[in-house]
Amino acid sequence: MSEVAASADDACGTGAGSHDSHGYIEHKDDLLKRLRRAEGQVRGLHRMVENDEYCIDILTQVSAATKALERVALALLDDHLRHCVASAAADGGVEAAAKLHEASQAIARLVR
C-alpha cells in the first residue's frame with residue numbers, strides 16, 4: 001500500500017470495515033432508510049420485468065432508483081468531506097493530500 005493510501009486509511013477510521021469515527025455516523029439512520037427505499041424500488045423493478053410491464057414505466061422506475069442511490073452517495077460524500085477530509089486538512093501534510101486525492105477519486109467515480 002502506498003504512503004498516501006495508508007495515510008488516507010488512518011485519517012478517518014482505518015479504511016474499509018472500520019467503525020471508529022466515520023462522518024456519516026450521525027446520519028446513519030437516515031442513510032439506512034434511504035437505502036431500504038432504494039432496495040424496495042429495485043425489488044419493484046424486478047417484479048415489473050417479471051410481469052412484462054411497459055418499457056417506459058420500467059425505465060421511469062430505474063431512473064427513480066438511480067436517483068435514490070445518487071442521493072445516498074451525495075450524502076455520504078458530503079459527510080466525508082465535512083468530517084474526514086476537513087479533519088485531515090486541519091492536520092495537514094501527507095494525510096491531507098491523501099484525503100483530498102481519495103475524495104477527488106470518489107467524485108470522479110460518481111460523475112462517470
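Run down the lysines and flag those whose C-alpha is under 16 Å from the C-alpha of K67, throwing out any fewer than 8 positions away in its chain.
In chain and number order, the partners are K33.
Could you list which residues have their amide H under 5 Å from that of E53, counting only those 5 or more apart in sequence or on another chain, with H placed in the peptide plane?
none
At each listed q (0.22 Å⁻¹), what is the log10 of I(q)/I(0) that the Debye formula gives for segment 46-103 modelled as equal alpha-carbon point scatterers?
The calculated log intensity ratios at q = 0.22 Å⁻¹ are -0.81.
Laboratory data are not the source of any read-out in this text; all were calculated from the coordinates shown. Since the model is a prediction, treat every value here as computed from it, not as a measurement.
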